[in-house]
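A short worksheet on the structure shown next.
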Amino acid sequence: MTDAPAPHSWTPRRAIAWAIVPLIGFALAFWLRYGVIQPEAIGLLCAQADAPGWCRPREWLILGQYYAVWGWVALASAAVALVVPLPPALLRVVLGIALLFSALALVLYNTTLGALALVVTLLALLRKR
């Protein structure tokens with residue numbers, strides 16, 4: 001056996017860089033959940049006939065939650081990253097999307113799909129190319 005280093009070995013710097021992506025997703029998801037979706041005052045304001053214009057994107061956000069958009073996007077991008085041979089730059093983008101949306105799905109009520117997508121994303125991330 002040779003002691004040649006693997007070309008894509010994991011370094012602490014690489015691991016931290018990939019760990020930042022889901023942390024950003026978790027931060028965004030917690031802000032959306034506890035700052036935009038769940039506050040009762042915002043819900044009452046948006047239920048009025050003369051609701052402000054920013055209530056429409058909030059409604060889209062809630063519909064996205066209802067139809068599990070976060071989980072499906074995460075799972076689809078994770079599956080693409082695992083199965084489809086992509087150029088390295090595009091693969092990093094797809095993996096980043098999968099990690100980000102997995103974190104969003106885990107916090108925004110799509111936990112089943114989000115957990116599955118996170119596992120598939122981690123498998124794709126650790127796969128040797």
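Would you mind listing how long the stretch 41-93 runs along its three principal axes, going by Cα atoms, in whole Å with the largest first?
Taking max minus min along each principal axis of the Cα atoms, the stretch 41-93 gives 51, 20, 14 Å.
Which order do SER77, SER9, SER102 fall in if you start with the one that has the fewest other Cβ atoms within 10 Å?
Starting with the residue having the fewest Cβ neighbours, the order is SER9, SER77, SER102.
Order these by the 10 Å Cβ neighbour count, fewest first: PHE101, PHE30.
Fewest-to-most ranking of PHE101, PHE30: PHE30, PHE101.
Most fluctuating residue of GLY35, GLY64, GLY114 in a GNM of the chain with Cα springs under 10 Å: which is it?
Result: GLY35 has the largest fluctuation of those listed.
Determine the relative contact order of the stretch 44-109: mean sequence separation of Cα pairs under 8 Å and six or more apart, normalised by residue count, in whole percent.
Contact order relative to length: 36 percent.
Identify which of ARG92, ARG58, ARG13 has the largest mean-square fluctuation in a Gaussian network model of the chain, with springs joining Cα atoms closer than 10 Å.
In the Gaussian network model the winner is ARG13.
Applying 1/(1 + (r/R0)^6) with R0 = 25 Å to the Cβ-Cβ distance of LEU123 and LEU28, what FRET efficiency is obtained, to the nearest 0.05?
0.55
Tell me the angle of helix 12-31 to the major Cα principal axis of the chain, expressed in degrees between 0 and 90 and rounded to the nearest ten.
Helix 12-31 and the main axis of the chain meet at about 10 degrees.
Say we join alpha carbon atoms closer than 10 Å with springs in a Gaussian network model of the chain; which of LEU104, LEU86, LEU116 then has the biggest fluctuation?
Comparing LEU104, LEU86, LEU116 in the GNM, the peak value goes to LEU86.
For the stretch 41-129, what size does the Cα cloud have along each of its three principal axes, sorted from largest down, in whole Å?
Extents along the principal axes, in whole Å: 55, 24, 16.
Rounded to two decimals, what is Rg over Rh for the stretch 17-75 when you use alpha-carbon atoms and the Kirkwood radius? Provide the component values of the computation, followed by the final result.
On the way: Rg = 13.6 Å, Rh = 12.8 Å.
Rg/Rh: 1.06.
So if each residue of separation counts as 0.36 nm, and I subtract the Cα-Cα distance between TRP10 and ALA89, what length gain in nm does that give?
26.7 nm
In percent, what relative contact order does the chain have, based on Cα pairs under 8 Å that are 6 or more apart in sequence?
30
FYI, it's all coordinate maths here, none of it is from the lab. On a predicted model such as this, the values are computed, not experimentally measured, just so you know. All Cβ positions, even for glycine, are placed from backbone atoms using ideal geometry, and neighbour counts span all protein chains on display.
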